[in-house]
Amino acid sequence: MKVVILCGGMGTRLREETEFKPKPMVEIGGKPILWHIMKIYSYYGFNEFVLALGYKGSYIRDYFLNYKYYNCDLTIEVGRESEITFHDGIKEDWKVTLVDTGEETMTGYRLKLCRKYIDGDSFMLTYGDAVSDVNVKELLDFHKKQKTIATVTGVYPSSRFGDLEVSGNHVTNFKEKLKDFNNKNPINGGFFVFNKEIFNYIEDSPLCDLEKNPMSKLTSENQLSFYNHKGYWQCMDTYRDFLILNNEWKNNPQWKIWE
């Protein structure tokens, strides 16, 4: 089964890092967040990826074309550069298809341009800027049982601010920045599963946003299932998120399910 990862956005709210590289190549602990996302899927046995490239996509092409150089210790004999000794083996057994989907294309059309590389009756899709401890094998099993065209994973990010309960001029309860499953609606955390019928819902236009008309049509036809994930999820949307993720990487990151 193929895993499509949307890697084409400009990451305008993370300009400190995305001025010179695409957001999926922003690093957590010395590795691109894209690598972390692929490791999550790979842990559950999903090793064939289709990457929808856009803004500064050449950086992602370069990374995979030179994957061994970036991820192994090596010895170079200066003057005899063709004789390079690699000291580590590559653990990842990935098949990666890189698709140019344009710099300003919206997410729906990016997916549509990847269609010719997707075989089988279903596939997975996620964004190239969020990590989670979601069990994607259980997600797939759930999707099959629902018999709908699409399944979206709902997540509950922690509040950015503490919540206050007040009575008159006094605070009666001060809540820290915690998840509140009872009083908070889930948000779209990515980690989708789609049947191939999804392509019938995507307009043939670069302006087609997957999260708008296609999703609205699916919901109106009762064809979008909800997978409830109350575990860990964190996006890299801002520089603050970048710092959070890199700090967590130093202290037992919850999304690191691989060895």
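The values are calculated or read from the model by the stated rules, or taken from the named source; none is laboratory data. These numbers come from a predicted model, not from an experiment. Glycine also receives a Cβ, built like all others from the backbone with ideal geometry; neighbour counts cover every protein chain displayed.
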Subject >> Elements of type strands (runs of 3 or more DSSP E) in the stretch 162-235, at least 2 residues being surrounded by 10 or more Cβ atoms within 10 Å (Cβ to Cβ) and modelled with pLDDT of 70 or more >> reply: 192-195, 224-228, 233-235
**OP:** Name the one entry in Ser82, Ser58 that is among the small types (Gly, Ala, Ser), over 26 Å from Leu243 (Cα atoms) and either surrounded by fewer than 20 Cβ atoms within 10 Å (Cβ to Cβ) or touching a helix residue (DSSP H, G or I) at 6+ places or on another chain (Cβ under 7 Å) (or both).
**Re:** Ser82
**OP:** Return yes or no: is Leu245 in a loop (DSSP other than H, G, I, E, B) and either β-branched (Val, Ile, Thr) or closer than 23 Å to Cys7 by Cβ (or both)?
**Re:** no
**OP:** Mind listing whichever residues of the stretch 85-114 are assigned to a loop (DSSP other than H, G, I, E, B), surrounded by fewer than 10 Cβ atoms within 10 Å (Cβ to Cβ) and in contact with a strand residue (DSSP E or B) (Cβ under 9 Å, 6 or more places away or on another chain)?
**Re:** His87
Subject >> Of residues in the stretch 66-84 being assigned to a loop (DSSP other than H, G, I, E, B) and of a type in the set (D, E, K, R), the one nearest to Lys217 (Cα to Cα) >> reply: Asp73
**OP:** Tally the residues that are modelled with pLDDT under 95 and not in a loop (DSSP other than H, G, I, E, B), restricting the search to the stretch 115-145.
**Re:** 0
**OP:** Given the conditions (1) small (Gly, Ala, Ser); (2) under 16 Å from the mean Cα position of the chain (by Cα); (3) at pLDDT below 95, report the number of the one that Gly54 does not fulfil.
**Re:** (3)
Original post:
Looking only at the stretch 115-131, which residues are surrounded by 22 or more Cβ atoms within 10 Å (Cβ to Cβ) and more than 20 Å from Met215 (Cβ to Cβ)?
Top reply: Val131
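Quick one: in the stretch 1-41, of everything that is among the aliphatic types (A, V, I, L, M) and under 16 Å from Glu104 (Cα atoms), which residue is modelled with the highest pLDDT?
Top of the filtered list is Leu6.
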**OP:** Take the residues in the stretch 200-259 that are in contact with a helix residue (DSSP H, G or I) (Cβ under 8 Å, 6 or more places away or on another chain) and small (Gly, Ala, Ser), then tell me which one is farthest from Lys137 (Cα to Cα).
**Re:** Ser205
